[in-house]
Amino acid sequence: MISLLIPSTLAFMSPPIAVVPILLGPMQALLAALPAILMALGTLIVSLAKPSTMKKLLKLLWVQKIPVALVALAVWGLVYLQSILFTNTADTARKNSAKSDWPLFRGSLDRRGYMPGAEDPVNGNILWSFSHDGVKTFFSSPAVIGNRMYVTSACFEFFKDKGAICSVDADTGKLVWAFQKGYRSTFSSPSISGKYLVVGEGLHLTKNAGVFCIDLEQSEQKHEGVKLWSFKTKSQVESSPCIGDGKVYFGAGYDGLYCIPLKPEMDKDGNPKPLWHLEGDKYPDCETSPVYYNGKVYFGLGRRGGQSVCCADANTGELLWRVKTPYPVASSPAILENKLFVGMGCGDFINTAQALAVIKKAELIKKGASPTEIAEALKDLKPAGEVWCIDLATHEKVWNFPVGDTVLGTISAGEGRIYFGSRDKNIYCISTGGKLIQKREIHEPVTTSLSVAKSHVYVVTETGKVLGFNKKDLSPAWELPLNFPSISSPVVANGHLYVGTTGNGVVCAGQPGGLEEKPVWAGFLGGGGKSGWLDGSSLTPRASYAWSYPVVEESSRETAVPVEIHAPAAYLNGAFFIGYNQGSEHGLAKLDAKDNTGSVPPLAWFAKAKNKVYRSAAVNEGAAFFVDGKPGDQNRLLRAIDIKDGKELWTSPVENDASGEFIISREKLLIAATVSGVTCLDVKNPRILKQLWKADVGTVTGAPVLAGDIALVIAGATPELMALDLGTGMNLWKNAVSAKPTSGPLFLKGMIWTGDAQGVNSYSLLDGKPVFTINCGPVASPLVCNSDRIACVNPAGEIVIVDAENGKEIDRIQKVSEAVAFPPVLLDNEVLYGAEGSIQRYDLGTKKSEQWAKMESSWLGKMSTPMILVNSSVFFATDKEGFVCMKPKTK
């Protein structure tokens with residue numbers, strides 16, 4: 001039951017795919033910091049004999065005595081638990097697996113797509129996205145066990161059909177291992193039992209597709225996928241296998257249903273021998289995922305001679321019963337309380353019932369069918385669907401629940417209720433007795449399975465929107481756009497939601513409500529080396545001009561006073577904060593977008609200043625902070641503004657020749673307010689001006705950065721890298737840097753990073769000693785980073801990408817611009833940067849750039865600030881249009 005047509009929702013793929021699937025706490029903090037601690041210890045051992053080092057160490061230990069005591073206690077605990085925690089990666093992963101297998105599609109008999117015990121994500125954005133070998137299309141649904149996510153990719157293009165079985169670190173999104181040899185694009189999702197991972201391959205037109213069995217233990221040890229065996233069929237295997245009683249059961253499309261032992265007997269050619277096979281001529285369109293239960297295997301059949309639910313003996317393959325259905329069985333059976341629940345209807349993942357009717361009619365006309373024959377053949381091809389309940393003891397239908405269109409996703413059952421979505425743009429909650437409990441209209445078709453977690457239900461719509469609802473009443477709880485269509489079903493585990501997309505890889509999104517931290521925009525591009533991308537939103541394939549602020553009528557454009565915006569905007573809780581200069585009006589403007597960034601937001605307030613504003617603001621939930629003037633201007637001030645009404649709360653002087661660079665945390669503000677050093681203010685209560693300390697360290701280069709309770713600055717006539725205790729301002733250590741810095745410091749992967757005339761350097765947090773030197777050429781912009789990469793721009797306008805794990809240059813984007821460019825927006829797998837007449841999107845996997853948005857300087861002007869990315873839209877300023885928004889292109 002597969003369509004050969006390409007849907008409009010997937011039309012952006014080029015070349016288009018030719019086939020589509022059918023019916024388808026503290027210890028954690030310590031562990032995260034462990035690499036940095038080990039590196040620091042290594043540096044310490046080398047230099048411990050030096051008296052100066054000992055003095056610095058003792059000073060650091062005394063100032064940080066409480067954290068050090070906690071770390072010491074935790075390290076003792078780690079030593080005590082060494083045999084448990086640090087045997088090897090494979091043992092750890094297998095221990096996680098032993099607690100919870102994932103033996104069939106959606107993980108369990110009730111098909112909930114949920115790791116038991118996991119907290120529900122109810123807020124937040126995309127945490128990371130994973131792509132492999134440049135491939136960002138994932139039709140399959142993830143399987144998550146412990147800290148491992150298993151998923152399959154699909155790259156089906158003209159003259160190319162390749163896929164991969166991937167093991168991914170579920171916490172970080174990093175690849176652990178992959179298997180590719182001979183594996184093709186697929187919709188099939190992995191199933192896991194013990195050390196065995198089994199998954200199918202092939203999309204609908206793939207012939208001789210098969211099933212692959214991977215050894216997880218060896219794969220973990222070798223960091224590459226290790227195949228135990230594979231088996232070829234006469235059709236495709238879009239079905240997700242089911243593992244039960246040491247056997248694998250899977251549908252093979254028009255080649256029927258197979259059963260193969262996990263430890264199979266091999267034939268003379270080294271191929272596994274099936275235990276039994278139900279031939280495709282009697283069991284056609286066998287593409288749903290089977291389920292094993294109490295010595296029996298249950299599966300559904302689609303169109304063309306199928307349309308039934310079947311039960312077979314799991315050991316022999318003998319058919320025990322077969323129940324005919326009025327529609328093709330579109331979803332895989334779920335089992336709860338000795339009852340089987342299954343969805344059905346007309347239509348598939350790609351085509352509606354109406355579309356299938358058009359296709360069928362064209363086929364019949366081509367064959368010369370009469371109008372009467374055509375009408376008879378098409379009478380059942382109309383929007384309709386049902387959910388059935390079958391008693392497994394009597395194998396009779398107990399009830400049926402009709403809906404307005406086909407039910408493609410697997411029914412999710414639990415706690416006396418079942419949940420499902422339909423192409424009729426609704427999701428449903430009904431009792432196991434067939435009575436409607438709740439129905440929620442979501443205005444988009446649902447073709448995937450729902451994830452039913454502890455207290456919430458999650459659905460991913462056909463266009464790629466994550467929606468979370470309270471389980472009791474289906475009231476809305478969370479919404480997140482993925483910006484790409486999805487036919488992957490979501491999984492909830494580890495407090496996050498995991499799902500595949502057709503253009504942004506597999507994404508991990510959201511966090512539990514109890515983990516939500518008060519938001520803060522810490523400074524330039526988000527502060528601390530951020531690149532203007534804090535909300536995790538993804539990029540659409542293309543974008544176009546949306547609006548600019550201020551709005552200028554065409555008739556008055558010639559006489560309008562030009563707007564000057566010199567620094568990127570700050571963004572927090574649906575509002576933009578922009579350093580705005582127009583004529584004699586200078587200050588900070590708040591534009592209230594209310595998270596609707598698609599139209600021009602109104603001005604909420606304007607906080608005036610005497611001097612022009614050249615630096616970005618910083619914002620927390622109580623106040624916005626900004627500095628007016630540039631070095632050399634008179635009467636400069638740091639200003640705190642009430643975020644609600646724009647009233648000035650207080651001001652603090654900034655010396656005429658000081659840089660005025662600053663950064664905030666949730667409780668403190670660190671600013672280069674004097675020529676001779678930095679000042680720390682308490683902003684926990686932003687209404688009260690409270691100075692904590694002042695450190696005379698010399699003229700500061702760039703903005704300070706925070707590393708926990710340590711402030712890092714580069715200062716002095718002969719620049720030195722310094723570590724200051726954030727609570728007292730006490731100098732913990734200082735060391736000369738290798739060359740004159742051209743940027744402020746950045747803290748990433750437990751190390752301090754700087755840019756200079758030779759390249760990028762990293763230093764130990766313990767004592768400031770050099771760790772890595774990357775001679776990538778002069779750094780002409782502030783360093784920006786994501787989770788493990790650093791980007792900078794050189795005077796030639798090239799963007800250099802550095803791997804913070806190993807301190808090596810890994811990529812260089814050539815000829816970005818003839819002039820020095822602004823820092824790029826650095827995403828998980830992409831780089832967004834301004835170029836001549838356009839905004840370009842660079843794929844770090846394929847190492848190719850393409851135009852993301854056209855930007856004609858003749859009318860829009862030239863960029864005057866770096867970009868920020870919010871809600872999948874990009875914002876920056878130009879010399880002609882002021883504050884500009886580029887919005888995602890929907891078509």
Using beta carbons and a limit of 6 Å, which pairs, at least six apart or on different chains, have the first residue in region 280-292 and surrounded by fewer than 24 Cβ atoms within 10 Å (Cβ to Cβ) and the second one part of a loop (DSSP other than H, G, I, E, B) and not small (Gly, Ala, Ser)?
GLY280/TYR254; GLY280/ASP255; PRO284/TYR254; PRO284/ARG304
So TYR580, is it touching a Cys at 6+ places or on another chain (Cβ under 9 Å) and more than 18 Å from ASN125 (Cα to Cα)
no
From (1) within 28 Å of SER489 (Cα to Cα); (2) open to solvent by less than 10 Å² (accessible area, probe 1.4 Å), pick out the condition that doesn't hold for PRO272.
(1)
Region 424-438 residues that are aliphatic (A, V, I, L, M), paired with ones that are part of a loop (DSSP other than H, G, I, E, B) (beta carbon under 8 Å, 6 or more apart):
ILE427/ILE442; ILE427/VAL446; ILE427/LEU450; ILE427/LEU474
Here the qualifying pairs (Cβ atoms under 7 Å; residues six or more apart or on different chains; first in region 556-576 and surrounded by 15 or more Cβ atoms within 10 Å (Cβ to Cβ); second part of a loop (DSSP other than H, G, I, E, B) and among the aromatic types (Phe, Trp, Tyr)) come out as HIS566/TYR614; ALA567/TYR614
From the options LEU319, LEU364, LEU408, LEU378, residue that is among the hydrophobic types (A, V, I, L, M, F, W, C), farther than 24 Å from ILE487 by Cβ and modelled with pLDDT of 80 or more:
LEU319
Given (1) over 17 Å from ILE774 (Cα atoms); (2) open to solvent by 40 Å² or more (accessible area, probe 1.4 Å); (3) among the hydrophobic types (A, V, I, L, M, F, W, C), where does ALA757 come up short, assuming only one miss?
(1)
Of all strands (runs of 3 or more DSSP E) completely enclosed by region 780-854, which ones contain at least 2 residues that are open to solvent by less than 30 Å² (accessible area, probe 1.4 Å) and within 17 Å of ALA757 (Cα to Cα)?
789-793, 799-803
Taking ILE487 as the residue in question, decide whether it is within 23 Å of VAL342 (Cβ to Cβ) and open to solvent by 20 Å² or more (accessible area, probe 1.4 Å).
no
Within region 417-458, restricting attention to residues that are in a loop (DSSP other than H, G, I, E, B) and hydrophobic (A, V, I, L, M, F, W, C), which residue is farthest from the chain's Cα centre (by Cα)?
ILE442
When you scan region 459-571 for strands (runs of 3 or more DSSP E) that lie fully inside it, which ones turn up with 2 or more residues that are more than 23 Å from ASP171 (Cβ to Cβ)?
465-470, 476-481, 543-549
Can you spot a residue in region 870-881 that is touching a Lys or Arg at 6+ places or on another chain (Cβ under 9 Å), among the hydroxyl-bearing types (Ser, Thr, Tyr) and part of a loop (DSSP other than H, G, I, E, B)?
yes
Could you please find all residues in region 209-228 being open to solvent by less than 60 Å² (accessible area, probe 1.4 Å) and not polar (S, T, N, Q)?
ALA209, GLY210, VAL211, PHE212, CYS213, ILE214, ASP215, LEU216, GLU220, GLY225, VAL226
What single numbered condition from (1) surrounded by 24 or more Cβ atoms within 10 Å (Cβ to Cβ); (2) at pLDDT 95 or above; (3) in contact with a Ser or Thr (Cβ under 7 Å, 6 or more places away or on another chain) fails to hold for GLY163?
(2)
Does at least one position in region 405-416 carry a residue that is open to solvent by 10 Å² or more (accessible area, probe 1.4 Å), over 16 Å from SER331 (Cα atoms) and in a strand (DSSP E or B)?
no
Does at least one position in region 434-444 carry a residue that is over 24 Å from THR501 (Cβ atoms), of a type in the set (Lys, Arg) and open to solvent by 30 Å² or more (accessible area, probe 1.4 Å)?
yes
Scanning region 213-235 for residues that are closer than 25 Å to LYS282 by Cα and in contact with an Asp or Glu (Cβ under 8 Å, 6 or more places away or on another chain), which turns out modelled with the lowest pLDDT?
SER235
Among the residues of region 186-205, count how many are open to solvent by 10 Å² or more (accessible area, probe 1.4 Å) and outside any strand (DSSP E or B).
5
Given the conditions (1) open to solvent by less than 10 Å² (accessible area, probe 1.4 Å); (2) within 24 Å of SER141 (Cβ to Cβ), and given that TYR254 satisfies all but one, which numbered condition is not satisfied?
(1)
Restricting attention to region 253-275, does a residue exist that is modelled with pLDDT of 95 or more and among the hydroxyl-bearing types (Ser, Thr, Tyr)?
yes
Exclusive hit being under 28 Å from GLU805 (Cβ atoms) and either touching a Gly at 6+ places or on another chain (Cβ under 6 Å) or open to solvent by 40 Å² or more (accessible area, probe 1.4 Å) (or both), set LEU721, LEU692, LEU732, LEU726
LEU721
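The values are calculated or read from the model by the stated rules, or taken from the named source; none is laboratory data. Everything quoted here is computed from the prediction, not taken from an experiment. So basically every Cβ, Gly included, is an ideal-geometry build from the backbone, and we count neighbours across all protein chains shown. Just so you know, the surface numbers come from the protein's heavy atoms only, side chains and all, with ligands and any DNA or RNA stripped out. Shrake-Rupley method; radii C 1.70, N 1.55, O 1.52, S 1.80 Å.
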